1. May I ask you to verify whether GLU116 is acidic (Asp, Glu), more than 20 Å from GLU50 (Cβ to Cβ) and not in a loop (DSSP other than H, G, I, E, B)?
2. For LYS153, indicate whether it is out of contact with any Pro (no Cβ under 7 Å at 6 or more places or on another chain), under 30 Å from LEU85 (Cβ atoms) and at pLDDT 90 or above.
3. Scanning region 1-27 for residues that are open to solvent by 40 Å² or more (accessible area, probe 1.4 Å) and under 21 Å from ILE102 (Cβ atoms), which turns out modelled with the highest pLDDT?
4. Contact list please: Cβ distance under 7 Å, first residue in region 161-173 and in a helix (DSSP H, G or I), second residue surrounded by fewer than 13 Cβ atoms within 10 Å (Cβ to Cβ), pairs at least six apart or on different chains.
5. Of ARG131, ARG101, ARG149, which residue is in contact with a helix residue (DSSP H, G or I) (Cβ under 9 Å, 6 or more places away or on another chain), in a helix (DSSP H, G or I) and open to solvent by 30 Å² or more (accessible area, probe 1.4 Å)?
6. Whether any residue in region 59-81 is more than 14 Å from the chain's Cα centre (by Cα), closer than 21 Å to GLY161 by Cβ, at pLDDT below 95 and among the charged types (D, E, K, R) is what I want to check.
7. Going by the conditions given, is ARG86 surrounded by 14 or more Cβ atoms within 10 Å (Cβ to Cβ) and in contact with a helix residue (DSSP H, G or I) (Cβ under 8 Å, 6 or more places away or on another chain)?
8. State whether one or more residues within region 114-122 are open to solvent by 50 Å² or more (accessible area, probe 1.4 Å) and modelled with pLDDT under 95.
Amino acid sequence: MAGARLKYRHLGRTSSHRQALLRNLVTSLFTHESISTTYPKAKEAQRLAEQLITLGKRNTEASKRRALSIFFTPHELLPKLFGPLRERYADRPGGYTRVLRIEPLKSDQAPSAILELVDGPKDMRFAMTARTVATLRKQGRPINEMTERNIEKVTRYREDGQRELERMVKRMKEVEIEERNDAITIPKPRDPRPSEEDD
């Protein structure tokens, strides 16, 4: 039907290519627990990853067969999905992944994002909250309302969340944060019209 609202992002690909792309992204996500890609791809892969973790929590033969058909390397990742990841998210009612927008990674300035599994070893919000707490303590300032809310979010479903956060805060106090000056400068596009200097 013309003018109907899209039910999903087509990503400029055929159906089979899109499915292969999403399967590849989800396989990489479960292997590394954090991936960088474009924002639309991250949002679509997030949907599939959430469904896979729900299948892992069900832990039935049917759910194992369904997960087997999605992963590109199922024999490496099925034990992880139905083992440690299932235990990690047993009490969490949803929201197993997080998409964080970042600066564009490529020269075409496509909006980029990090897709990560929450409460894992590479949880970006957990590290950023710990760094904020360490900075506030170093400056002798009280923890503000937003930081308190972030502390509650990152420790709620994490096993030994408060103790893990304190450990990370200690590690962040030892790290020196310096000014960054590694920004990529994109050259200006050349004017295609001939100039007087070319003559």
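The values are calculated or read from the model by the stated rules, or taken from the named source; none is laboratory data. Keep in mind the model is a prediction, meaning the values are calculated, not measured. Reconstructed Cβ throughout: ideal geometry from the backbone, glycine too, with neighbour counts over all protein chains shown. What goes into the accessible areas is simple: the full protein's heavy atoms, side chains included, and nothing from ligands, DNA or RNA. Shrake-Rupley method; radii C 1.70, N 1.55, O 1.52, S 1.80 Å.
1. Considered against the rule, which asks whether it is acidic (Asp, Glu), more than 20 Å from GLU50 (Cβ to Cβ) and not in a loop (DSSP other than H, G, I, E, B), GLU116 comes out as no.
2. yes
3. Among those that are open to solvent by 40 Å² or more (accessible area, probe 1.4 Å) and under 21 Å from ILE102 (Cβ atoms), it is ASN24.
4. Final answer for the pair search is LYS173/LYS138.
5. Result: ARG131 is the single residue among ARG131, ARG101, ARG149 that is in contact with a helix residue (DSSP H, G or I) (Cβ under 9 Å, 6 or more places away or on another chain), in a helix (DSSP H, G or I) and open to solvent by 30 Å² or more (accessible area, probe 1.4 Å).
6. Within region 59-81 (the criterion being more than 14 Å from the chain's Cα centre (by Cα), closer than 21 Å to GLY161 by Cβ, at pLDDT below 95 and among the charged types (D, E, K, R)), the answer is no, since none of the residues qualifies.
7. Yes; evaluated as a whole, the condition is true for this residue.
8. Among the residues of region 114-122, at least one is open to solvent by 50 Å² or more (accessible area, probe 1.4 Å) and modelled with pLDDT under 95, which makes the answer yes.
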